[in-house]
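Remarks on the structure that follows.
The values are calculated or read from the model by the stated rules, or taken from the named source; none is laboratory data. Everything numeric here is computed off the predicted structure, so don't read it as measured data. Every residue, glycine as well, gets a Cβ built from its backbone with ideal geometry; the counts of neighbours run over all protein chains shown. Just the protein is used for accessible areas: all its heavy atoms, side chains included, with ligands, DNA and RNA removed. Shrake-Rupley method; radii C 1.70, N 1.55, O 1.52, S 1.80 Å.
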Amino acid sequence: MPKKRSSYHHGDLRAALIEAADDIIAEGGIEAFSLRAAAQRAGVSPAAPAHHFGSAKGLLTEVALLAFERIGRMIDEVGRPDDVVADVRALSLAFVTFAVNHPGHFRLMFRNDLVNRNDPRYPEVSLKPGMRLGLAVAAYHGNFNVDLKRFDDAADMLCGLATLHGLANLVLEEKAAHFFGNATSRDFVRDELPRVLGRYYPDQRRPSRKQKPQL
């Protein structure tokens, strides 16, 4: 049963609308979202979302920020910064797992047309998980002093992140089935992806974070 509008205080209503939009994206993806649907789910006036967020983009930006925070926490929880091989595998697996478990949110997070990247909170919240992933890839290749002002470092990080994004999107679109016996996305992530990442990031002697690579 939706809550009655009269039960909300001003701050509670804003939070309720964000929660409603978040649930809609989780259940039906971007296609299921509208300001009217969010208002109906929260049990408030159809005009309430526009009053609080200005537009659909304003409300979806809040949902995207929550999604970036969630994937950031997920990555932090599984990280192994003491072991560069285990770290890059674990973070890569977590990234693709998040995409499969939260496809609507994953697709929303990277939609420039639906998310306000000029929001002052966006740079820090969105860049943190990407930097953590990119630095893990760089560390696996022996680079512990990434400087994105250097072309080589920027190019390496871009390509590393592009590989993960491409892999996640291929899995979401069930393209892994063409390579692994018609496995569903979830089957692939559970049964095959750890082995794929083990092949892509094989065990090798790597310099530790306390060692300087030999020139």
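When I18, I25 are compared by accessible area at a 1.4 angstrom probe, the order from most to least is I18, I25.
Phi angles of the stretch 101-107 translate, via the Karplus equation with coefficients 6.51, -1.76, 1.60 and θ = phi - 60°, into HN-Hα couplings of 7, 9, x, x, 5, 4, 5 Hz per residue; Gly and Pro are given as x. First select every other residue whose beta carbon is under 12 angstrom from the beta carbon of I24; then total the charges, Lys and Arg +1, Asp and Glu -1. Spelling it out: positives minus negatives among the neighbours equals -3. Each of F110 and F151 was given a label point 7 Å from its Cα along the Cα-to-Cβ line. The distance between the two points is 2.6 nm. In the context of the full protein assembly, M131 retains an accessible surface of approximately 70 Å², using a probe radius of 1.4 Å and ignoring ligands and nucleic acids.
Largest GNM mean-square fluctuation across L167, L59, L127, computed for the chain with C-alpha springs under 10 Å, falls on L127. Close amide H partners of G79, meaning residues 5 or more places away or on another chain with modelled amide H under 5 Å apart, do not exist here. Among the lysines of the chain, pairs that are 8 or more positions apart or on different chains and have alpha carbons within less than 29 Å of each other number 9. Under 5 Å from the amide H of R121 lies no amide H of any residue 5 or more positions distant or on a separate chain, with H modelled from the backbone and absent for Pro and chain starts.
Quick check for you: with a 1.4 Å probe and neighbouring chains kept, what is the accessible area per residue of the stretch 85-215, in Å²? Display every interim value, and only then the final one.
Details: 8040 Å² over 131 residues.
That works out to 61 Å² per residue.
Residue separation times 0.36 nm, minus the C-alpha to C-alpha distance between F144 and K57: what's the value?
Values: separation 87, 0.36 × 87 = 31.32 nm, distance 3.76 nm.
Full extension of this stretch gives 27.6 nm more.
Once you sort the root eigenvalues of the Cα gyration tensor of the stretch 62-145 as a ≥ b ≥ c, which label holds: rounded (a/c under 1.5), prolate (a/b larger than b/c) or oblate (the other case)? Prolate is the answer for the stretch 62-145, as a/c is 1.5 or above and a/b outweighs b/c. As a length-normalised measure over Cα pairs under 8 Å and 6 or more apart, the relative contact order of the stretch 78-134 settles at 23 percent.
Ranking L60, T97, P81 by Cα position along the charge dipole of the stretch 19-102, where only Lys, Arg, Asp and Glu carry charges on their C-beta atoms, puts L60 farthest toward the positive end. In order along the stretch 37-50, the phi-based Karplus estimate (6.51 cos²θ - 1.76 cosθ + 1.60, θ = phi - 60°) of 3J(HN,Hα) comes to 5, 5, 5, 5, 5, 7, x, 10, 4, x, 7, 4, x, 5 Hz; Gly and Pro are listed as x.
Across F180, F144, F98, F33, the residue with the most accessible area heads the list, and the full order at a 1.4 Å probe is F180, F144, F33, F98. Computed from Cα positions, the angle between helix 10-28 and the longest principal axis of the chain comes to roughly 60 degrees.
What is the gain in length, in nm to one decimal, between N169 and Y200 on full extension, counting 0.36 nm per residue of separation less the C-alpha to C-alpha distance? Show your work: numbers first, answer last.
Details: separation 31, 0.36 × 31 = 11.16 nm, distance 1.74 nm.
Full extension from N169 to Y200 adds 9.4 nm.
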